[in-house]
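Below are the structure tokens for one structure; questions will follow.
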Ligand SMILES: Nc1ncnc2c1ncn2[C@@H]1O[C@H](COP(=O)(O)OP(=O)(O)O)[C@@H](O)[C@H]1O
Ligand SMILES: [Mg+2]
């Protein structure tokens, strides 16, 4: 019997072209792909999830790759789908890496270096005051954010005091803070698929912002990986049991070691513009993903 998978992939930034390439390569292996399976449009009726007239029990695997849209409903169905078929990424890995605290906590427990962090209940403000004395500077991070959004650098106790009323207005359950690391305002983004190194590029913060994210004004530059960075990224992906990962790494100048900032579960492919500038990662990444889908759907 031939194999069939469902796919939900971002379409902007060249995602549609990547999708086409994956579908074509899967077809060569006699795997049919049903694209555009946005869980938003799905319903579950008894034990079957219906999405655009496709029944979940017809599918051998689901490939979910849309970072822009992950509403509660979509994530809810992600979890349900994962109970009955293999998913890339698995729901567990997806849910884990959506949360920076849960990820750093697990990484630290498996010997993967991250920035020092602290999590405390929203009412334990005194703990924050104590920790900033020790760390000098810190970063407040929403644990489920992306693109540098919501990250706030806290330079000293006075900044913390001015910030607290704002944080208290927000309906937060807890505070997650990291020690602000001394680094050269560049990072490594290392793509790993199925335990294998795909590519590495760097990002550099703009002169006016301390974050390297493109959405915060950062820019991509060509950067060779070294063994240490590749090993660290592979270890992080392995610990998170994640099939596809984009691992953000910076060099901590104080501890003189590389640390993992976060593991992204839906790292973007290079855009057509980035490809023109020489960012050459898409073909290798596509091939590894196709191999992975092939292997996971073997009957
Ligand atoms: N502990 C830290 N010390 C110094 N800079 C940091 C720290 N954490 C994050 N940054 C900067 O902020 C950027 C965004 O942080 P990150 O944890 O990757 O969150 P996001 O999901 O928003 O990308 C990083 O690329 C880095 O430039
Ligand atoms: Mg990041």
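Laboratory data are not the source of any read-out in this text; all were calculated from the coordinates shown. Computed from a prediction, not measured in an experiment: that's the story for all the values here. Counting neighbours? That spans all protein chains shown, and the Cβs are built from the backbone with ideal geometry, glycine included.
With a point put 7 Å past each Cα toward its Cβ, work out how far residue 153 is from residue 58 in nm, to one decimal.
5.3
Treat each spin label as a single point 7 Å out from the Cα along the C-beta direction, and report the residue 21 to residue 4 distance in nm.
Simple spin-label model gives 2.8 nm for this pair.
Determine the shape class of region 3-88: with a ≥ b ≥ c the square roots of the Cα gyration tensor eigenvalues, call it rounded for a/c under 1.5, and otherwise prolate if a/b is greater than b/c, oblate otherwise. Walk me through the numbers before you get to the answer.
Numbers: a/c = 2.10, a/b = 1.24, b/c = 1.70.
Since a/c reaches 1.5 but b/c is at least a/b, the shape of region 3-88 is classed as oblate.
Once you put a point 7 Å from the Cα of residue 227 and another 7 Å from the Cα of residue 194, both along the Cβ direction, what distance in nm separates them?
Each label point is offset 7 Å from its Cα along the Cβ direction, giving 2.6 nm.
A follow-up question, please. With a ≥ b ≥ c the root eigenvalues of the C-alpha gyration tensor of region 117-179, is it rounded (a/c under 1.5), prolate (a/b larger than b/c) or oblate?
Values: a/c = 1.41, a/b = 1.18, b/c = 1.20.
It comes out rounded by the Cα gyration axes.
Quick one: length gained pulling residue 48 to residue 210 fully straight, 0.36 nm per residue minus the C-alpha distance?
Values: separation 162, 0.36 × 162 = 58.32 nm, distance 4.76 nm.
Once the chain is fully extended between residue 48 and residue 210, it gains 53.6 nm.
Next up: Only bridges whose two residues both fall in region 3-88 count here: according to DSSP, what percent of them are antiparallel, nearest 5? Please report the intermediate quantities before stating the final value.
On the way: 5 of 16 bridges.
Roughly 30 percent of the DSSP beta bridges within region 3-88 come out antiparallel.
If you average the sequence gap of Cα pairs under 8 Å that are 6 or more apart and divide by the length of region 19-171, what percent do you get for the contact order? Intermediate results must be reported in sequence, preceding the final value.
Details: 105 pairs, mean separation 18.6, N = 153.
Worked out over region 19-171, it gives 12 percent.
Now for a different question. What's the exposure ranking of 206, 56, going from fewest to most Cβ atoms within 10 Å? Intermediate results must be reported in sequence, preceding the final value.
Values: 206 14, 56 21.
Least to most surrounded, the residues fall as 206, 56.
Over region 117-179, what is the relative contact order in whole percent, taking alpha-carbon pairs under 8 Å and six or more residues apart? Before the final figure, lay out the partial values.
On the way: 72 pairs, mean separation 34.2, N = 63.
It comes to 54 percent, rounded to a whole number.
Let me ask something additional. Percent antiparallel among DSSP beta bridges with both residues in the chain, to the nearest 5? Walk me through the numbers before you get to the answer.
Details: 41 of 52 bridges.
DSSP beta bridges in the chain are roughly 80 percent antiparallel.
Could you tell me the calculated FRET efficiency between residue 76 and residue 287, based on Cβ-Cβ distance and R0 = 22 angstrom, to the nearest 0.05? Can you show the working numbers first?
Details: r = 32 Å, r/R0 = 1.47.
After rounding to 0.05, the efficiency reads 0.10.
Another question, if that's okay. From the Cα gyration tensor of the chain, with a ≥ b ≥ c the square roots of its eigenvalues, which class applies: rounded if a/c is under 1.5, or else prolate if a/b is larger than b/c, or else oblate?
Working: a/c = 2.17, a/b = 1.55, b/c = 1.40.
It comes out prolate by the Cα gyration axes.
Would you kindly state how much longer the chain becomes between residue 67 and residue 171 on full extension, computed as 0.36 nm times their sequence separation minus their alpha carbon distance, in nm to one decimal? Walk me through the numbers before you get to the answer.
Working: separation 104, 0.36 × 104 = 37.44 nm, distance 2.40 nm.
Result: 35.0 nm gained on full extension.
Still on this model: Find the relative contact order for the chain and round it to a whole percent, using C-alpha pairs within less than 8 Å whose residues are 6+ positions apart. Kindly include the intermediate steps, with their values, before the conclusion.
On the way: 517 pairs, mean separation 54.2, N = 299.
Value for the chain: 18 percent.
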